[in-house]
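Below is one structure, written out as structure tokens; comments come after it.
Please treat every number below as a calculation from the coordinates, not as lab data. This one's a predicted model, so the numbers in the text were calculated from it and none came from an experiment. Cβ: placed from backbone, ideal geometry, glycine included. Neighbour counts: every protein chain shown.
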Amino acid sequence: MAEGNNKRNIKASKELKCAVAKKCGGCDYINSSYNKHVKEKLAIANSLIKKYGKFDGIVSMSNPYHYRNKVSAVFGFENKKIIAGTYEKNTHRVVDTKNCLIEDKKASAIIQTIKKMCISFKIKAYDEDSGFGFLRHVLIRVGKKSGQIMVVLVTSNVIFQNKNAFIKVLRGEHPEITTIVQNINNKNTSMVLGDREIVMYGKGYITDELCGLTFKISPKSFYQVNRDQTEKLYSQAIEYAGLQGDEVLLDAYSGIGTIGLIASKCVKEVISVELNKDSHKDAITNAKINNIKNVKFYNADATAFINDLAAAGEKIDVVILDPPRTGSTDEFIAAVGRLKPKKVVYVSCNPETLARDLEVFKKHRYRFEKGMVVDCFCHTRHVEGVVLLSKLDSKNHISVELPMNDMDLTSAESKATY
Ligand code: SAH
């Protein structure tokens, strides 16, 4: 009986598209139908923001596999064998993820090669508990359009035995690799990357093309993981902004400058603010690479920066914000309220914090106009959402003594806001 069950289980797991989905925890939906689960993701996103508005739909991906251009594998061992993959959900046990269906295929193959090379080069995987071992993680970034590939070897110390031979063998097996970087992380931390980087081969970064522009991407800079869907996301965000050519646009949480640089040809000026130093530096280079001159970049906390803009009485016509999963801050949104841009386009990778922030925008007289979900993280529970908010003018502000539920305003009142 028990044996029968076991056989059935084995058969069932063979039929699954991904047999390690449960353990890995990355893809909640990988073993269900794509068309069905994108609808489910839209419904969940809509239920989270229903107090404020409704997403018009979800932009799905025609081939929702192997889209991830950033692949990070943690190295460990099991029965004295080297394994590489992700941490099992809520644990620090490594799940060997050989045939991941969402990661770029070349990146997965490179990780498998490095696993084999660890044996021939006698490289030990790092052990978090004892602090022994050398190789902690391998991070791979692929320029899906450019074809460039960066391999980052995260090691526990700087001394890389047989370094040149290692590079030669790795490049021999994968000539498509354009750069290799050693990153030293000697801290007891769950962060993948440490502070120090040594370029072992090539330029130390890759470039990729997005919405017709070229972007430099360094190991620690932010770049969306699904390039093709990102083009759709940014196009939607820029379309929502309805730019006429004479605006000053604030691109907040700007990463390597992508949205602002792409929108720059449609406005008078872009002001970009980003906290991460490496992303900020790449953004400046990206303006140069693309010969764009009307974007100013600031390396600062977005909230502190926008507070300064508001205090200085700067004129901002449109704000596009694209914060991390934790969302923006009440203070940032209050400063938007003081700057009074006509439109705000909120790009969000977390509908929960989006809903929280929409409540604050509502207090500052910004009303949900429309929104769209883009499936940038196919098969996982995550989505990107883009929402257009418009400023209710001060006249409305005084006359509308309605219970402050902006969503109940009639469309006539809504049009009066422009
Ligand atoms: N708009 C960019 C980046 C979005 S990701 C793109 O689409 O590529 C969010 C970005 O916010 C990251 O680059 C992160 O470094 C940055 N960030 C996080 N906290 C921040 C803060 N307090 N102030 C400014 N930028 C911040």
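What to note about this one:
- Among the chymotrypsin sites (Phe, Trp or Tyr not before Pro) within the range 129-218, those in coil by DSSP and having at most 12 neighbouring Cβ atoms inside 10 Å are 132.
- Dividing the summed helix terms, -39500 (n - 2.57) for each DSSP H run of n ≥ 4, by the number of residues in the chain produces a 222 nm estimate of -10000 deg cm²/dmol to the nearest 500.
- Positive-end residue, the range 70-210 charge dipole about Cα centroid, Cβ charges, pick of 169, 155, 108: 169
- Taking each residue as 0.36 nm, the span from residue 308 to residue 163 lengthens on full extension beyond its C-alpha to C-alpha distance by 47.4 nm.
- Highest-MSF residue in the chain out of 92, 364, 379 [GNM, Cα springs under 10 Å]: 92
- Helix 330-339 and the longest principal axis of the Cα set of the chain meet at an angle near 40°.
- Modelled label reach - residue 381, point 7 Å along Cα→Cβ, the range 84-106 residues with backbone N closer than 18 Å: 87-91
- If R0 equals 51 Å, the separation of the Cβ atoms of residue 331 and residue 120 corresponds to a calculated FRET efficiency of about 0.40.
- The range 318-371, relative contact order [Cα under 8 Å, separation at least 6], %: 46
- Degrees separating the helix 277-289 axis from the principal Cα axis of the chain, which is the longest one: 70
- Helix 163-173 and the long axis of the chain differ in direction by around 80°, with both axes built from C-alpha atoms.
- Highest mobility in the GNM of the chain, judged by mean-square fluctuation with C-alpha springs under 10 Å and restricted to 218, 190, 32, is found for 190.
- Here the relative contact order of the chain, from alpha carbon pairs under 8 Å that lie six or more residues apart, stands at 14 percent.
- Across the range 70-210, Cα pairs under 8 Å and at least six residues apart give a relative contact order of 20 percent.
- The GNM of the chain, with springs linking C-alpha atoms under 10 angstrom apart, assigns the highest mean-square fluctuation among 213, 321, 389 to 213.
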